[in-house]
Amino acid sequence: MVSLSTWFRYIANKLEYSVSISWKSYTRGQINDIELRDSVWKYLFQGKLTYLYGNKGDQMAPVMGGLGGTLLVRKLPAADPKRVSVGDVVVMKDPEKSDNYIVRRLAAIEGYEMVSTDEKDEPFVLDKDECWVLADNENMKPKEANDSRTFGPVPMRNIVGRAIYCLRTAVDHGPVQNSNDSMRKDSPVLEVELDVDEMMKNHKA
């Protein structure tokens, strides 16, 4: 049973998301003043903060299994250093195939100096709103891993969510290891919205 304090934290998270996503639509001219209020209430009372995503491949093994897994993903109204942290497993638009999405771990954000293991490569600093993402599978070569070692820095706006729970099989599932700060923020969302049975129905081994 979810505690009262957890419910308060969950509602606070939901309100923050509702206001952020509605304000973004308002500033883009997609909704007017009256619709702004209605949008906040709609997201607050009707929507969820998570969705299910089927991840294929072994780029994120062993965290997500050799064949991938079904992920519970927390929606993000915007990807910035206040909402995502280095160490988070994120769902993002594939920089090489804009219609596809990939799951990778956030390894660095704006301001980080990137130094290559190849002495021929010059160090560089990630620009504002840029990030560097890596696959977890250390046994893969960079081209197979399909991460920033191949396609370089990625715009933060490509990030659409953070993976917070992974179902690999019916008996092998659990929270995704993200940064400590993000896991703390996500804990009430996970406690309220996690439904393993629903994840099983959507799981494709």
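The values are calculated or read from the model by the stated rules, or taken from the named source; none is laboratory data. What you are looking at is a predicted structure, and each value in this text was computed from that prediction instead of being measured. Neighbour counts are summed over all protein chains in view; Cβ atoms, including those assigned to glycine, are modelled from backbone coordinates with ideal geometry. Areas reflect the complete protein model, heavy atoms only, side chains present, ligands, DNA and RNA absent. Shrake-Rupley method; radii C 1.70, N 1.55, O 1.52, S 1.80 Å.
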### Summary
For residue 42 the rounded accessible area (nearest 10 Å², probe 1.4 Å, non-protein molecules ignored) is 100
### Message
If I take every Cα pair under 8 Å that is 6 or more residues apart in segment 5-80, average their sequence separation and divide by the length, what percent do I get for the relative contact order?
### Response
26
#### Entry: Isotropically averaged projected area of segment 1-47, using the convex hull of Cα atoms (one quarter of hull area), nm²
3.3
### Message
For residue 141, give me every one of the aspartates and glutamates with a C-alpha distance below 14 angstrom, ignoring sequence neighbours fewer than eight places off in its own chain.
### Response
58
### Summary
Any lysines whose Cα falls less than 16 Å from that of residue 97, other than same-chain ones fewer than 8 residues away, would be 56, 143
### Task
Rank by packing, highest mean first: peptides 56-69, 174-187, with packing defined as the count of other Cβ atoms within 10 Å averaged across residues.
56-69, 174-187
### Query
Between their Cα atoms, which of 48/185; 93/128; 14/82; 42/93 are more than 20 Å away from each other?
42/93
### Summary
Taking only protein heavy atoms and a 1.4 Å probe, the highest-to-lowest accessible-area order of 165, 51 is 51, 165
